[in-house]
1. Mind checking the dipole of segment 1-142: about its Cα centre, +1 per Lys or Arg Cβ, -1 per Asp or Glu Cβ, Debye to the nearest 20?
2. Measure nothing but the geometry: give the 0 to 90° angle between the long axis through the Cα atoms of 117-133 and the longest principal axis through the Cα atoms of the chain, rounded to 10°.
3. Picking from W196, T141, Y59, whose Cα lies most toward the positive end of the charge dipole for the chain (charges on Cβ: Lys, Arg +1; Asp, Glu -1)?
4. Let's test the formula: R0 of 25 Å, r as the Cβ-Cβ distance of S197 and T141. What FRET efficiency results, to the nearest 0.05?
5. Taking every DSSP beta bridge that has both residues in the chain, what percent is antiparallel when rounded to the nearest 5?
6. For segment 144-181 and segment 27-94, what is the separation of their Cα centres, given in Å?
7. What is the P(r) of segment 158-202, as percent of Cα-Cα pairs per 5 Å bin from 0?
8. Please report, in debye to the nearest 20, how large the charge dipole of the chain is about its Cα centre when each Lys and Arg carries +1 at its beta carbon and each Asp and Glu carries -1 there.
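No value in this document is a laboratory result; all are computed from the given coordinates. Just so it is clear, the structure is predicted and the values come from calculations on it, not from any experiment. Don't worry about glycine lacking a Cβ; one is built from the backbone with ideal geometry, like all the others, and counts go over all protein chains shown.
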Amino acid sequence: MAQLQRITISPQQIRDNQVVLEKEQLHYLTRVLRLSDGDKFIVMDGVGKWWLTSLQSEYGEILEALEVQTELKVSISLLLALPKGNGFDDVVRICTELGVDTIVPIISERTLLNPSSQKLERWRRIAAEAAEQSERAFVPTIYEPVSFTQGLNLFEAEQKYICEGRGDNPHLLKCWRQVGEGQLKIVIAIGPEGGWSQEELENAVNAGFKMVSLGRRILRAVTAPFVVLSILAAEMENNS
Ligand code: SAM
């Protein structure tokens, strides 16, 4: 299937064969994504149903229900402190191949890089290419870089983790095995080369994030996201 943009709706927005779009959704589709009447996009109801839809004025006309087999059962959003150099290109590409849903580049206290707007375009292009290559139904969403504090409050999710290699934190796999069944979304934060500051860790915990380990070795900032996704994807797909 060609890569199409997608939006999440609530099940109540479906009437007969139409999706009643909210104002912000319409703005996103027409102004941000620049879709016109007749253009196709995907709607997801967040509880496992996805439809191919065509934009018709203020509505989405449902064309067909989609059976998606290449996507992970649970949406994974990564908050990733930007590493130095071009390391983020590989992070975007490989995380896309591994099934990430959303990547939010984070400017943390110890982030060394403040990326240009061309970088964002480049990352989105890389994500689209990687999604196509790995035969995904969706192109992951790459956010504009935001501050750590903004990132902490971006998503509603029951399972929110912050990776921290120092200290006696439970392993991500152990935490996920305790709750994984039935979850819809998971948010995971990974720090930069210099790690998180103590204050950032405390703020994350206060915002509902649980500190987790990825094992006994300290991984590079660009390696940690692959480990997170590999662990979770293997667990989800092994149980499917
Ligand atoms: N300089 C930092 C230190 O000494 O703790 C290391 C930072 S590490 C290169 C970059 C990020 O990867 C960390 O902030 C953390 O989010 C993640 N990370 C690396 N290894 C980890 C591990 N074993 N467990 C959990 N998170 C890890």
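1. About 520 debye.
2. 70
3. Farthest towards the positive end: W196.
4. Once rounded, the FRET efficiency stands at 0.40.
5. Numbers: 16 of 43 bridges.
Once the DSSP bridges in the chain are tallied, antiparallel ones form about 35 percent.
6. Each part's Cα centre sits 22 Å from the other's.
7. Each 5 Å bin holds this share of Cα pairs: 5, 18, 30, 22, 15, 9, 2.
8. Here the size comes out at about 620 debye.
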